[in-house]
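Data first, discussion second: the structure below is written as structure tokens.
Please treat every number below as a calculation from the coordinates, not as lab data. Computed from a prediction, not measured in an experiment: that's the story for all the values here. For neighbour counting, all protein chains shown are included, and Cβ atoms are generated from backbone atoms with ideal geometry for every residue, glycine included.
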């Protein structure tokens, strides 16, 4: 009997025991996104130059965004109005703005990188035309700042959701591989037990025929009768056949033992892979939930 099997079984049992996965809080996701919202939306007075005219403007930060991403988020915010923007610095477009009347107003926006604050500093101006700014607009600018910062975080959430989905697919694949490996190990163990039972039957049959051979040999030695020789010869033929079958069966058992050992050796690897993907998915889900909380914290 192979002495490695019991120790392997014990090691496997220890490996398969479930242990809680501890997810440590961290400031950033694996993909580099900040997980907590620690900023405050502040709208400040500023100015913006458009076609040679210096207009009063409102400035605020779009955190964790480069200038291009901030402007793209602004354009996307008015996509539902089918607003068309033109220009580059600043961009301009006619939009409807809550609190500034029912008619479209000219929205001017410029964005620049602010490395210290960690994002893009955006300036917006609400105007009646290219040279005349509208009164007020601070509340509208604050609402836009909230909307754009939420849009950036929503993009992070969407990207993280893809990571979660991918991790889930890998985990499912690993679980499938683990199930297949366990089935193969179980089948190999069953084949080994069957081979052992068949060998035992043949060994018992061999022992029985050996006794019969000895009995007929002794009888023939005494009688020298042809009929006793015939019985002895018959038993000897049966014994040879059984011994040949037993030799084949012993080889089958050895092969089955080798296969069973191989399948047992494969189990820890597939289990380890499954556990790694389980941890990866749980971490990705934890980060996704943190980003969702971050989104809700933007006010």
Separation between Cα centres of the stretch 98-177 and the stretch 190-252, rounded to whole Å
88 Å
Using Cα atoms only, what is the angle between the long axis of helix 226-297 and the major principal axis of the chain, expressed in degrees (0 to 90) to the nearest 10?
10 degrees
Here the relative contact order (percent) of the chain, from C-alpha pairs under 8 Å and at least 6 apart, is 22 percent
Share of Cα-Cα pairs in the stretch 86-174 lying beyond 17 Å, as whole percent:
62 percent
Test of understanding: what is the full-extension gain from residue 96 to residue 230, defined as 0.36 nm times their sequence separation minus their Cα-Cα distance?
36.9 nm
Please determine, in degrees from 0 to 90 and to the nearest 10, the orientation of helix 138-223 with respect to the longest principal axis defined by the Cα atoms of the chain, where the helix direction is its Cα long axis.
0 degrees
Testing the spin-label approximation: label points 7 Å from Cα along Cα→Cβ at residue 162 and residue 175. State their distance in nm.
2.4 nm
Kirkwood hydrodynamic radius of the stretch 233-281 from all distinct Cα pairs, in Å?
14.0 Å
With an 8 Å cut-off on Cα pairs and a minimum separation of 6 or more residues, tell me the relative contact order of the stretch 160-297 in percent.
49 percent
Percent of alpha carbon pairs in the chain separated by more than 32 Å?
59 percent
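Can you give the convex hull volume per residue for the Cα atoms of the stretch 160-297, as a whole number of Å³?
82 Å³
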Less than 16 Å from a label point 7 Å out along the Cα-to-Cβ axis of residue 30: which backbone N atoms in the stretch 261-299 qualify, by residue?
272-291
Which value in nm describes the separation of the simple spin-label points at residue 129 and residue 217, placed 7 Å from the Cα toward the beta carbon?
12.6 nm
